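Down below is the structure, laid out as structure tokens.
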Amino acid sequence: MLTTGPAKKVSVYVMEGEQYHGTPVYAAILELLFYRGISDATVTRGVAGFGADHKLHTTRLVDLADKMPIKVEFIESPEKVEAVLPKLADMVGTGFFEIHDTTIVTPQSLKHGHAPEPPAIKTEGKAKMMRILIGEHDKWNGKPLHEALVESLRANDIAGVTVYRGILGYGANRRMHKDSALSFSNDAPLLLSVVDTEEKLRGFFPVLDQMMKQGLVAMSDVEIIKYTHDSIKDERRREVRK
Amino acid sequence: MKLMGQAKMLRIHFGEDDKWNGRPLYEAIVEKCRELDIAGATVFRGIEGYGASTLIRRPHAFRFSAGDSPILVQVIDTEAKVQTLLPVLDQMVSEGLIAMSDVEVIKYTHQDGENLK
């Protein structure tokens, strides 16, 4: 939460058509800031501009109108800004960002907020598997809880998560969850299987606590045998997007 | 209901067509778990697999919810409670696999947001 006194203002400049792992860069940045507990962020679309490539983009020319400059701006305490910078630097691609010193005069009031997580560490060897059991109908801020959890895990740099839909089950509230093909209101049980180091997963607990109203979370030991990323395939995907 | 800290997870693997007293085995197991007041049970349908019978279980492509898909029933509770379930499972599961592992329960809550301690 923002308090009166010194803070940092960060302005990120990116191009509209740029992508980060399949989503527009500005949307990915906004999601990162949101799930890292940054108090506020604003995205503004420019009407004309040019960047490192020195090509002029303007709404007046139809063929260039999909590449408008976009500015994402947010204000936070210096520590929180510090925590998101490494990830932000990775995401901006050909864009850039600047940091100004600023002073909060009147802080916003905020109902809830959560602490930022430490930056990513790649995992191998001893790790933990966290199983989260929830219902398909569970919601968080109006969106499906499992989707919000996956986004939140990703924004917090957790190594990986898979969502499985069960066909039958019950849990803490003794209510039977059943998947039935002909019902519009089926509330199937869902399992989110999350793998990362114990430290990273425990760091996520406060966020989880805030998002989950019901369900079960259990941890067990696992050993990571392989955690790789096909960079050639990724390159190819990037080419296709361009 | 008390469930926090060290607990056990049972995973029971068998086929969707397996029956117990004329009804699907997975339904019967979940019902039995409720009877025994086990903290929770969830059934998952796999898309392919093989197991004790060495038969490859693979659902038919052109039938609506048919074929002998692999089924996984996952149960989590204290060791004592899980032990009460084991003899029953021994009777019910004639062909399949039952595996137990250690888990640590971090959270177990229902709608009111209160921890069921």
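Residues being among the polar types (S, T, N, Q) and at pLDDT below 70: count how many of those fall in region A:90-110.
2
Tell me, please, whether a residue that is within 14 Å of chain A (Cβ to nearest Cβ), surrounded by fewer than 19 Cβ atoms within 10 Å (Cβ to Cβ), farther than 22 Å from residue A:191 by Cβ and modelled with pLDDT under 85 can be found in region B:95-115.
yes
Note down all Cβ pairs under 8 Å where the first residue falls in region A:203-216 and is free of Cβ contacts under 8 Å to residues at least 60 places away in the same chain, the second is aliphatic (A, V, I, L, M), and they're at least six residues apart or on different chains.
Once the first residue is free of Cβ contacts under 8 Å to residues at least 60 places away in the same chain and sits in region A:203-216, its partners that are aliphatic (A, V, I, L, M) give A:205/B:106.
Need pairs with beta-carbon distance below 9 Å; first residue closer than 15 Å to residue A:53 by Cβ and within region A:87-101, second among the aromatic types (Phe, Trp, Tyr) and in a strand (DSSP E or B); sequence gap 6+ or separate chains.
Pairs that qualify, where the first residue is closer than 15 Å to residue A:53 by Cβ and the partner is among the aromatic types (Phe, Trp, Tyr) and in a strand (DSSP E or B), are A:92/A:13; A:92/A:20; A:93/A:20; A:95/A:13; A:96/A:13.
Of all residues in region A:23-49, count the ones that are loosely packed, with under 15 Cβ neighbours inside 10 Å and among the acidic types (Asp, Glu).
Going through region A:23-49 one residue at a time, the tally reaches 1.
Take residues that are modelled with pLDDT of 90 or more and touching a strand residue (DSSP E or B) at 6+ places or on another chain (Cβ under 7 Å) and tell me which of the strands (runs of 3 or more DSSP E) falling wholly in region A:111-226 contain 1 or more.
A:125-135, A:160-170, A:189-196, A:215-224
Among the residues of region B:1-42, how many are touching a residue at least 12 places away in the same chain (Cβ under 8 Å), of a type in the set (D, E, K, R) and over 22 Å from residue B:95 (Cβ atoms)?
Total meeting the criteria: 3.
Filter region B:10-42 down to residues that are within 19 Å of residue A:214 (Cβ to Cβ) and surrounded by fewer than 20 Cβ atoms within 10 Å (Cβ to Cβ), then give me how many there are.
Qualifying residue count, region B:10-42: 2.
Do we find a residue being among the aromatic types (Phe, Trp, Tyr), outside the structural domain of residue A:215 (by TED's automatic domain parsing) and modelled with pLDDT of 80 or more anywhere in region A:50-69?
no
Quick grid of which residues meet (1) within 12 Å of chain A (Cβ to nearest Cβ); (2) surrounded by fewer than 18 Cβ atoms within 10 Å (Cβ to Cβ); (3) in a strand (DSSP E or B); (4) at pLDDT 60 or above:
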| residue | (1), (2), (3), (4) |
| --- | --- |
| B:62 | no, yes, no, no |
| B:72 | yes, no, yes, yes |
| B:75 | yes, no, yes, yes |
| B:82 | no, no, no, yes |
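The values are calculated or read from the model by the stated rules, or taken from the named source; none is laboratory data. Everything quoted here is computed from the prediction, not taken from an experiment. For neighbour counting, all protein chains shown are included, and Cβ atoms are generated from backbone atoms with ideal geometry for every residue, glycine included.
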